[in-house]
Amino acid sequence: MRRLPIFFVIDVSESMTGEPIELMEKGIENIVSSLRQDPHSLETVFISVIAFAGKAKTIAPLVDLISFYPPKIPVGGGTSLGSALNVLMDEIDTNVKKTTYETRGDWEPIVFLITDGKPTDDPSQAITRWQDKYAKNASLIAITLGLNADIDILNQVANPVLALENTDKNQFFKFIEWVSASVKAQSQMIELDNKNSPVSLEKVSNAGLRIMGNTSEPNNHEASASDSSCVTLTGRCSSNRRPYLIKYAKPKLVEGMERFIQNHQYYHLEGAYKLEESYFEWSSDNYVAEQVDTSSLDGIPPCPQCGNQSAFAMCGCGKLLCIGDEDIVMCPWCEKSIKFSQGSGDFSITRGQG
């Protein structure tokens, strides 16, 4: 049996925290559920999921639809596109069967790369590797959630690059339906016509997707240390020591107001979220910390772990923790006792990569 390998390469950086990650998990479940109802897909489709933040790993190996179990999607700091591509190519080398003189191998893999930000590593070597050895024997479709991704870099590996400009829940699931329909169509095509053609783009506009061309000259893009579209901060709960993430986002542009806020570094509180300890395992080891001034951040959330009234207290060690009504707390990072007083001035704090 010739398999049709489908790889989902998913950005799980800090900027995806909250609803985007929840929608992605539900989206993969919906895709698998839909494909399981199609006899052609059941016969041929095999699915794998690769996640990437500061590091990239396979979180669901290549298996048939019946055996596939949707994985828990992690969160980490960074957007290491180069690492993600290398893991993808290693997976193709290891798990996609090649055609030989004796046997026919698998059909050409289809890759859906989904991201919402710019690379924080240098993906140039991985891009060259992809172009030299894989691009002719695989279909890679890149989908950006919003318009903050580096379209020019994605266009070097993907054909096409699609942008989901409206990322609300309803529009997201229309995009998920398009992915499901595209995989079904490919599966039916190879079953009936015995050939593997590029994914059809005929109905992308119905899914709220727009085909994106290059915006500038390629190969002139430096890795971004942090995501300029949001500010993320990591803290620990002073009650149970568990980590959490505070996420601030730039206000959405209102038509006609672009010239007033284009360069204004202002971020509005989006929420605070519980983290697992695995967050640190998925975050980049090479991040050169950047600072953000608290004057550009609007809003202070309660602790998502214990409910303390503020998740935004900083210890002398430079780390964030939560505080309630108590005067003295022990820092869950450095384990020193701290006496807090009401602060009045702004200060700088280390931000995540987003």
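The values are calculated or read from the model by the stated rules, or taken from the named source; none is laboratory data. The shown structure was predicted, so the numbers you read here are calculated from the model rather than taken from an experiment. Cβ: placed from backbone, ideal geometry, glycine included. Neighbour counts: every protein chain shown. For the accessible areas, the whole protein counts, side chains as well, though only heavy atoms, and no ligand, DNA or RNA atoms are used. Shrake-Rupley method; radii C 1.70, N 1.55, O 1.52, S 1.80 Å.
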Counting only heavy atoms of the protein chains, get the accessible area per residue of the chain (1.4 Å probe) and round it to a whole Å² value. 49
Report the label-to-label distance for Arg104 and Asn206 in nanometres (one decimal), using points 7 Å from each Cα along the Cα→Cβ vector. 3.0
Would you work out the relative contact order for region 64-172, in percent, from Cα pairs under 8 angstrom that are 6 or more residues apart? 25
Expressed as an acute angle from 0 to 90° and rounded to the nearest 10, what is the orientation of the C-alpha long axis of helix 169-192 relative to the principal long axis of the chain? 20
Round to the nearest 10 and give me the degree value, 0 to 90, for the angle of helix 81-95's Cα axis relative to the longest principal axis of the chain. 40
Leaving ligands, DNA and RNA out of it, work out the accessible area of Met189 with a 1.4 Å probe and give it in Å² to the nearest 10. 50
Taking the alpha-carbon centre of each part, the distance from region 276-354 to region 1-44 in Å is 35
Against the longest alpha carbon principal axis of the chain, how many degrees, from 0 to 90 and to the nearest 10, is the axis of helix 19-36 turned? 20
Taking volume of the Cα convex hull per residue in Å³ straight from the coordinates, which label in [x] 215; [y] 170; [z] 150 is the correct one? [z]
DSSP beta bridge pairing in the chain, given as percent antiparallel to the nearest 5: 55
Run through every distinct alpha carbon pair of region 125-166 and return the Kirkwood hydrodynamic radius in angstroms, one decimal place. 10.8
Carbon plus sulfur fraction of accessible area for the chain, probe 1.4 Å, in percent: 46
Using per-residue counts of other Cβ atoms within 10 Å, averaged over each peptide, order 296-308, 198-210 from highest down. 296-308, 198-210
Loop-only GluC sites (Glu not before Pro) in region 269-354, please: DSSP not H, G, I, E or B, and at most 12 other Cβ atoms within 10 Å. Glu277, Glu326, Glu335
Could you calculate the FRET efficiency of Ser310 with Thr215 from 1/(1 + (r/R0)^6), where r is the beta carbon distance between them and R0 is 56 Å, rounded to 0.05? 0.85
Against the 2.2 N^0.38 Å rule of thumb, the C-alpha Rg of region 1-116 sits at a ratio of 1.09
For the chain, which longest stretch is free of loop sites, where a loop site is one of the chymotrypsin sites (Phe, Trp or Tyr not before Pro) that DSSP puts outside H, G, I, E and B and that has at most 15 other Cβ atoms within 10 Å? 102-265
Which pairs, out of Lys98/Lys174; Lys136/Lys184; Lys72/Lys250; Lys26/Lys133; Lys169/Lys250; Lys203/Lys247, put more than 26 Å between their alpha-carbon atoms? Lys98/Lys174; Lys72/Lys250; Lys26/Lys133; Lys203/Lys247
